[in-house]
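Here's the structure we're looking at; comments come further down.
The values are calculated or read from the model by the stated rules, or taken from the named source; none is laboratory data. Being a predicted model, the structure only gives us computed values, none of them experimental. Note that we place each Cβ from the backbone using ideal geometry, even for glycine, and neighbour counts take in every protein chain shown.
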Amino acid sequence: MRIQLDCRLVGELIEERGGVSVFLDQWDSRSSDAHERLSRATVYRWMNGESVPKNRELFLRLAGALDVDSFALVTVLEGDILAAADEVLRIVQNSYGAPSWLQFVHGFFGRHIAWPPEELAAVYFGRPWYVQEFSHDPDIRANYYATVLLCHALKPPDRRPQVLHFAYKHPSLFHARWLQYGLVRVCGASGALHHISGYTAQLELTAPDEPIRVETWFGPGAALFRIASLHPFSHELVAPGGTVGDALRFPG
């Protein structure tokens with residue numbers, strides 16, 4: 001597999017919470033029975049990259065315990081982005097199969113009546129998603145890149161990346177189902193964009209609290225766009241011809 005658990009980040013976040021002993025105490029306090037408890041050896045294997053959570057449930061419980069988006073806890077072998085995108089596609093197209101821990105992607109990718117997956121946020125994070133929307137009216141203007149200005153909540157000294165998921169739907173096509181087409185990951189003064197095609201881009205901000213600019217295609221048809229994150233954020237749709245600057249761009 002090109003997609004792996006980001007053991008470095010897992011270790012950093014566990015240490016930030018006081019170390020393995022404190023993490024295990026917090027984990028046990030959230031567990032309903034003894035069968036859900038972890039051993040120190042298991043946690044150290046995750047931190048050392050020697051193993052991954054054995055299934056979707058355990059992986060999402062880890063993300064919830066660290067209060068970080070599940071996509072922030074995965075990393076891709078350097079130079080294998082396109083192969084990793086193909087692996088995600090194969091997982092989405094098949095209801096079952098290995099690796100079990102990556103099955104959480106079913107709730108995000110593909111066409112969905114309800115998006116993002118409410119159960120994931122409620123069960124594993126104990127709260128709803130933060131969601132904001134904006135629309136595209138081609139009768140006003142069409143076939144251009146619109147700029148969205150994002151203000152994110154997670155900033156240093158917090159080491160947790162914030163992930164913002166992007167989806168859209170047409171009012172009449174595909175029964176008005178949502179399609180997630182990518183995500184933006186912000187950590188410190190760095191931003192990274194990942195498109196479902198495997199395309200990626202990176203952007204360095206001048207400061208960690210600087211809003212991040214994202215460009216997305218407004219085509220010939222009407223569309224409703226939605227941004228979702230497990231942590232607070234705000235967005236502003238910049239008027240065409242407004243202030244320009246470096247931006248992350250989703251391919252049209």
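The condition of being more than 19 Å from the chain's Cα centre (by Cα) and either in a strand (DSSP E or B) or outside the structural domain of Gln93 (by TED's automatic domain parsing) (or both) does not hold for Pro128. Look through Gly18, Gly11 and report the one residue that is touching a helix residue (DSSP H, G or I) at 6+ places or on another chain (Cβ under 6 Å), over 18 Å from Phe125 (Cβ atoms), not β-branched (Val, Ile, Thr) and not assigned by TED's automatic domain parsing to the domain that holds Leu154. The match here is Gly11. Considering only the range 177-197, I want to know if a residue exists there that is farther than 22 Å from Ser70 by Cβ, out of contact with any Gly (no Cβ under 6 Å at 6 or more places or on another chain) and surrounded by 17 or more Cβ atoms within 10 Å (Cβ to Cβ). Taking every residue of the range 177-197 in turn, none turns out to be farther than 22 Å from Ser70 by Cβ, out of contact with any Gly (no Cβ under 6 Å at 6 or more places or on another chain) and surrounded by 17 or more Cβ atoms within 10 Å (Cβ to Cβ).
Could you say whether any residue in the range 95-106 is out of contact with any His (no Cβ under 9 Å at 6 or more places or on another chain), surrounded by fewer than 11 Cβ atoms within 10 Å (Cβ to Cβ), more than 23 Å from Val68 (Cα to Cα) and not assigned by TED's automatic domain parsing to the domain that holds Val74? Looking through the range 95-106, none of the residues is out of contact with any His (no Cβ under 9 Å at 6 or more places or on another chain), surrounded by fewer than 11 Cβ atoms within 10 Å (Cβ to Cβ), more than 23 Å from Val68 (Cα to Cα) and not assigned by TED's automatic domain parsing to the domain that holds Val74. In the set (1) of a type outside the set (Gly, Ala, Ser); (2) surrounded by fewer than 19 Cβ atoms within 10 Å (Cβ to Cβ); (3) at pLDDT below 90, Ile91 fails one condition alone, (2).
Among the candidates Trp46, Trp27, the residue that is surrounded by 14 or more Cβ atoms within 10 Å (Cβ to Cβ), under 20 Å from Leu120 (Cα atoms), more than 19 Å from the chain's Cα centre (by Cα) and at pLDDT 90 or above is uniquely Trp27.
Does Asp67 count as surrounded by 11 or more Cβ atoms within 10 Å (Cβ to Cβ), of a type in the set (Asp, Glu), modelled with pLDDT under 90 and assigned by TED's automatic domain parsing to the domain that holds Leu13? In short, no.
Please go through (1) of a type in the set (A, V, I, L, M, F, W, C); (2) at pLDDT 95 or above; (3) assigned to a loop (DSSP other than H, G, I, E, B); (4) over 23 Å from the mean Cα position of the chain (by Cα) for Ala41 and return the number of the only condition it doesn't satisfy. Here Ala41 clears every test but (3). Kindly establish whether Ser172 is among the polar types (S, T, N, Q) and within 17 Å of Thr216 (Cβ to Cβ). The answer is no for Ser172. In the range 94-118, which residues are modelled with pLDDT under 95 and in a helix (DSSP H, G or I)? Passing the criteria: Ser100, Trp101, Leu102, Gln103, Phe104, Val105, His106, Gly107. Just one of the listed residues (Ala207, Ala201) is more than 26 Å from Gly110 (Cβ to Cβ), without any contact (Cβ under 8 Å) to a residue 60 or more places away in the chain and of a type in the set (A, V, I, L, M, F, W, C), namely Ala207. Selection of first residues in the range 221-237 that are over 16 Å from Gln162 (Cα atoms) and of second residues that are of a type in the set (Ser, Thr, Tyr) and modelled with pLDDT of 95 or more, restricted to Cβ pairs under 6 Å at least 6 apart or on distinct chains, gives the following pairs, ordered by first then second residue: Ala223/Tyr168; Leu224/Ser135; Phe225/Tyr168. Being modelled with pLDDT of 90 or more, of a type in the set (S, T, N, Q) and surrounded by fewer than 20 Cβ atoms within 10 Å (Cβ to Cβ) narrows it down to one of Ser135, Ser172, so name that one. After applying the criteria, what remains is Ser135.
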